[in-house]
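The values are calculated or read from the model by the stated rules, or taken from the named source; none is laboratory data. Note that the structure is predicted; figures quoted are calculated from it, not measured. Using ideal geometry, Cβ is built from the backbone for each residue, glycine included, and neighbour counts are taken over all protein chains shown.
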Amino acid sequence: MNRDTIHFLPHAIGAIGIMACATIATAEPVEIHVLSATVKDQAIGDAEVLLQKNGQQSAHGYSDTGGDFHVAIQFSADDPAATLIIRKAGYSTLVARCPCNGLSYAISPVMQQLDGMRVVLNWGATPLDLDAHLVYPGQHVYWNAKQGDESALDVDHTSGYGPETITIQNRHPGQRYVYAVHDYIDRQLSGSNAMELGRPQVRVYVGQTLVRSYTIDPDKKGNLWSVFAISEGGDLEDLDQYSDVEHPEDVATALAGDFSGPLQISSRVVSASNRVQANEFNRDGEAAYRRTDYDTAIHLFQQAIELFPGYGQAYSNLGLTFEKAGNEAEAIWADRKAIALASGPDAARVRASSYYNIARIYESKSEWAKALSSYQAAENEKHRDVYLAAISRLRQRSN
């Protein structure tokens, strides 16, 4: 593909008229386009779309066969207090904060692999061409090298909106991955915030769940946005760093510091009020878990983590709840983050129990080597007879 040749294509939205709501004089027309995250330009019809503000459902409907959803609402779809929800059987539910009017959203088919991950980039009409990059040992996956070792660039867009989708089919234990977004159109500009004009959003999916969302910092400048890393232990680490790179093939070199050296993790100040509210969500989640209302518990633990990203106990609770709900891949992801965040006098117990939970999932799926490694990690953290019994059981199976 010649990246210097950009074809200006009309977007699907706008080709169809917006449905009017004559009975509401103050209604604002909203248009949203729903696409597949893994098949280029494939519209998704019959996807349920909800727009909410302050937790109250304000608009509800379904995308048409062209993937378009049109509605008129009585609040602004550019209000950051508004939330967009898109769901369809066989796909992960997408939850996004507005502004959302006039944008395309790509929904991800459910993933089956325990160690798989899908990363979806969307943005607005400009810049025309943002590129997703994934770097890990010996590999650089992007538009000019779409296939990596058990990872691939599924979808590449050069005319605005996206999606750009990278799927990791099977993460390699002990290896670090770094994901970044490069503004190809403005690659020769230095110190520019042109990328921010498209309000790019990055969504990370594990199993059937959207586990993490990222939005660009409008106050930062640079044509390369280093978004997150997957550590050697498998947990997500927020980077949110900005720099300038002219040539796409040099992105891997620019990421070398986060690829091989100490991670420059983004730190977010959490207010005292957010910590208090996060504790309340976590407590309510524990109550929902005890009454076996796992869906509610998951939602509450996720809210706690959104307010307090370093809340290790909430991640530990989330991992256990995901497992009870049958979401094994998500449980492993949450337990790994709980391990990374564990601190204080109870840290060894938290890490050991999380490793044990991970090992049981691997064993249930007949992934013996990964199960044994995780049981051994649990025993290394804290001695328990049940860990030793599991190690002995797995070693006998491998003989």
Quick check on the stretch 214-228. Is at least one of its residues in contact with a helix residue (DSSP H, G or I) (Cβ under 6 Å, 6 or more places away or on another chain), more than 24 Å from GLY116 (Cβ to Cβ) and part of a loop (DSSP other than H, G, I, E, B)? yes
Condition set assigned to a loop (DSSP other than H, G, I, E, B) and crowded, with 24+ Cβ neighbours inside 10 Å, scope the stretch 162-176, selection farthest from the chain's Cα centre (by Cα): answer is GLY162
Among residues of the stretch 80-101 being surrounded by fewer than 18 Cβ atoms within 10 Å (Cβ to Cβ) and of a type outside the set (A, V, I, L, M, F, W, C), the residue farthest from VAL49 (Cα to Cα) is PRO80
In the set TYR242, TYR184, TYR179, the lone residue that is within 14 Å of the chain's Cα centre (by Cα) and either crowded, with 21+ Cβ neighbours inside 10 Å or not polar (S, T, N, Q) (or both) is TYR179
Of (1) modelled with pLDDT of 95 or more; (2) surrounded by 20 or more Cβ atoms within 10 Å (Cβ to Cβ); (3) not acidic (Asp, Glu), ALA106 fails just (1)
Restricting the stretch 123-141 to residues that are in a strand (DSSP E or B) and without any contact (Cβ under 8 Å) to a residue 40 or more places away in the chain, the one farthest from GLY207 (Cα to Cα) turns out to be GLN139
Going through the stretch 279-304 in order, the residues found to be hydrophobic (A, V, I, L, M, F, W, C) and surrounded by fewer than 23 Cβ atoms within 10 Å (Cβ to Cβ) are PHE281, ALA287, ALA288
Flagged in the stretch 197-213 as outside any strand (DSSP E or B) and under 19 Å from the mean Cα position of the chain (by Cα), in numbering order, are GLY198, ARG199, PRO200, GLY207, GLN208
Scanning the stretch 98-122 for residues that are under 15 Å from the mean Cα position of the chain (by Cα) and in a loop (DSSP other than H, G, I, E, B) gives SER108, VAL110, MET111, ASP115, GLY116
Of the candidates ALA229, ALA252, ALA314, the one satisfying the condition of being among the hydrophobic types (A, V, I, L, M, F, W, C) and without any contact (Cβ under 8 Å) to a residue 40 or more places away in the chain is ALA314
